[in-house]
Ligand SMILES: Nc1ncnc2c1ncn2[C@@H]1O[C@H](COP(=O)(O)OP(=O)(O)OP(=O)(O)O)[C@@H](O)[C@H]1O
């Protein structure tokens, strides 16, 4: 007899955490079970509470909990391992059922719920094996002994966390049946955490969503609808349910994984809300948003894997993965390589950061030898200052104002003539300009661009605009060729093509996937839009406007990228702990954020199931003292992590320091290297430079990265935000002032949410107002 044996996703995750020896025994058990599940040694028997669950013996201490998922036409049985437990944690009341919303098999483990909560709900757990402990482990207050408080005033009954929500609502939203009554009695978030720890994913999401203040309609739309099955669900058909459930078939490949013991590198199980986004067919551009660490990048990478597998064989690269920052492309490449594995498939994906892509287009279109040198915005500012001095207008205009006018209005809207500039809308620019002022601005900027031209240099913004124009012209040619072809009944266009050398003219890509979408310029979007034919699955866009650290605001709809009806939001963070999220969210309090279109985005329901220490906030009198404090924290963390990782002993890249500006980065590095004896690597646009253990960089450099432990230093008043550079806008240009504040908030938010387990924020003098202002309600 052979048995098909599968492993429930949650069981697999738990298994990885068990001791190596238990994993080996589990594999041996699986082998024997596949041979004959009813052999005596396995002691397969049904639990009393729920006849759907069977327990089988792995060794003296461990039990596998299984459910039978059917018998095929040849009579072979199919079983699913739903949990691996120490025998003392096996209770008769464990239950397995089919979820009426998602149609998936769900295992509910009440043994992790606190005793107090169980008691209030009238549930008592009975151990399945005689010498198991008598009740579920409890973290509730002791009822006897020195810590008991018999005489304490009875506390006023607290109101339930989910007050106002009905049993029927929880049922409709997909909460597993055995959890509903229990969830409605909870008054304490610690109890909710315990309940959720043993709950199926959909129940976790719904309960956390409601407890975080999402309305039932929001939960229905964002959580339940995303995983609702379209099948007719038969609550007794475990065979059909198995097909809808994320499981791993137990075979030799799994044995190797178990033996290697390396689960992180192996795969990330997508959460159902993530998986739906990956596998769907979209009839146009789609967008995924969500707070930091919710898996947007993971989803984007899985999306590429999904798309690449559907390509017809070939040698071209029809899929583009692009992102804003250069240093992230290396990281994305590494993660995609891990995920896709097969080099032939990987070769079909082009990975390039957005400026690199624009540069490629510009170079292709330039006459040979005439590519201009690209300069950064600071060089452009210097050139503009020189022009202003030459025309004697230094006092009349702020250089930054003019540069922004040029970037955002003239380049941003591809304004080509003076007349067009008079008619252009300057929405969001704050300061209005009269007609004579516009004429003056145009004249200066015209002289400025002529100067850049003469010096054979251009800014990245100019290059992006030029690239967009070339690509749009190319798309126009493709379109007119196709229109002509349709006109002549689809015949080959040999003569016409030969004349215009258009025979291989086609869109560059079939699919474009964008990460960090919030920072791309309008020109970038125009270029990308023109690079892919409008149609099914053309663009997949991941980003979070709360993390925008550059001043590029766009409205995708107006750039020909319509994501309406194809947008989704992820809200469960896999990176940061609840404690870190709570801290980071206070920084964003009171602001509103756009959705890359004309609507607003929100972080409502943004949450985590992970717990850790409360972030430490510490003030020092001087910067020198702050640096000494930093060195002490880093040494302590490094030694602790080196101890935890004693097998590898290598803590490189696990700890980082985020700093408000470049000068302070140099000072931190100098201090670490000369006074603290700590090795460092500096985060640059090309990734970490150096081989030292501690990564140090300015806050924007941390976009997209993650670290086990992170310190933010210099979070002082006047440094975050930098008042010396933004205060002048307060009266002159309040709109700009608000934008600068928002950018500074986002930078602090990005930095704080890179920390996985521990976060420390320090300052000297007074703290940043973002750390002390009262929390206002987020929208
Ligand atoms: N379903 C999942 N199961 C386990 N881990 C996950 C899952 N989804 C994401 N992660 C992990 O969470 C972390 C954050 O994921 P990712 O980088 O994709 O988030 P993000 O939304 O792009 O974050 P950010 O906006 O901060 O860049 C990563 O370590 C990733 O491996």
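So for the range 246-254 (the condition being modelled with pLDDT under 80, closer than 28 Å to residue 565 by Cβ and either surrounded by fewer than 18 Cβ atoms within 10 Å (Cβ to Cβ) or within 16 Å of the ligand (Cβ to nearest atom) (or both)), does at least one residue qualify? Within the range 246-254, one or more residues are modelled with pLDDT under 80, closer than 28 Å to residue 565 by Cβ and either surrounded by fewer than 18 Cβ atoms within 10 Å (Cβ to Cβ) or within 16 Å of the ligand (Cβ to nearest atom) (or both). Exactly one residue among 301, 311, 339, 357 is within 14 Å of the ligand (Cβ to nearest atom) and touching a residue at least 60 places away in the same chain (Cβ under 8 Å), and that residue is 339.
Given the criteria more than 9 Å from the ligand (Cβ to nearest atom), in the same structural domain as residue 552 (by TED's automatic domain parsing), buried (at least 16 other Cβ atoms within 10 Å of the Cβ) and touching a residue at least 60 places away in the same chain (Cβ under 8 Å), does residue 296 qualify? The answer is no for residue 296. Under the condition of being outside any strand (DSSP E or B) and under 24 Å from residue 128 (Cβ atoms), the residues counted in the range 100-112 number 4.
Note on the range 261-290: residues that are outside any strand (DSSP E or B) and either at pLDDT 95 or above or more than 7 Å from the ligand (Cβ to nearest atom) (or both) total 20.
The values are calculated or read from the model by the stated rules, or taken from the named source; none is laboratory data. As the structure is a computational prediction, the values presented were derived from the model and not from experiment. Glycine gets a Cβ as well: all are built from the backbone with ideal geometry, and neighbour counts include every protein chain shown.
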